[in-house]
């Protein structure tokens, strides 16, 4: 199992209860692919450096987790299908 850090950018026009659902879905996605979540850190709404999909701000969410190396590609593919997640970056720690 490798240690990873994921930064997820979530669209700003989402409702608060839907935002919590996205957070839970990301944690469940890690667990479904054989990983474990170590730390969740919602950063809140922040200004973007440049407009993304015509949005100037977005919600940031940081997730520290452990997972097998083959799980990362599956997680990225699942996140691309989720319309609420605008961008993501997963790095190995």
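A count restricted to segment 82-93 and to residues that are modelled with pLDDT of 95 or more and out of contact with any strand residue (DSSP E or B) (no Cβ under 7 Å at 6 or more places or on another chain) stands at 0. In segment 65-77, the residues that are on the phi > 0 side of the Ramachandran plot and in a helix (DSSP H, G or I) form no Cβ pair under 7 Å with any partner that is surrounded by 16 or more Cβ atoms within 10 Å (Cβ to Cβ) and modelled with pLDDT under 95, whether six or more places apart or across chains.
Scanning segment 1-25 for residues that are in contact with a helix residue (DSSP H, G or I) (Cβ under 8 Å, 6 or more places away or on another chain) and within 12 Å of residue 82 (Cβ to Cβ) turns up 8, 10, 14. Among the conditions (1) touching a strand residue (DSSP E or B) at 6+ places or on another chain (Cβ under 9 Å); (2) in a strand (DSSP E or B); (3) more than 13 Å from residue 8 (Cα to Cα); (4) without any contact (Cβ under 8 Å) to a residue 24 or more places away in the chain, the only one that residue 38 does not satisfy is (4). Going by what's in this entry, would residue 13 be described as touching a residue at least 12 places away in the same chain (Cβ under 8 Å) and exposed (fewer than 12 other Cβ atoms within 10 Å of the Cβ)? Yes; evaluated as a whole, the condition is true for this residue.
Scanning segment 5-19 for residues that are within 17 Å of residue 79 (Cβ to Cβ) and assigned to a helix (DSSP H, G or I) yields 18, 19.
So, in segment 78-93, of the ones that are in a helix (DSSP H, G or I) and exposed (fewer than 12 other Cβ atoms within 10 Å of the Cβ), which residue ends up nearest to the chain's Cα centre (by Cα)?
80
Look through 59, 50 and report the one residue that is surrounded by 15 or more Cβ atoms within 10 Å (Cβ to Cβ), assigned to a strand (DSSP E or B) and either out of contact with any strand residue (DSSP E or B) (no Cβ under 8 Å at 6 or more places or on another chain) or touching a residue at least 12 places away in the same chain (Cβ under 8 Å) (or both).
Values: 50 fails: surrounded by 15 or more Cβ atoms within 10 Å (Cβ to Cβ).
Exactly one residue qualifies, and that residue is 59.
The values are calculated or read from the model by the stated rules, or taken from the named source; none is laboratory data. Small disclaimer: the values here were computed from a predicted structure and weren't measured. Here Cβ is always computed from backbone atoms with ideal geometry, including for glycine, and neighbour counts include all displayed protein chains.
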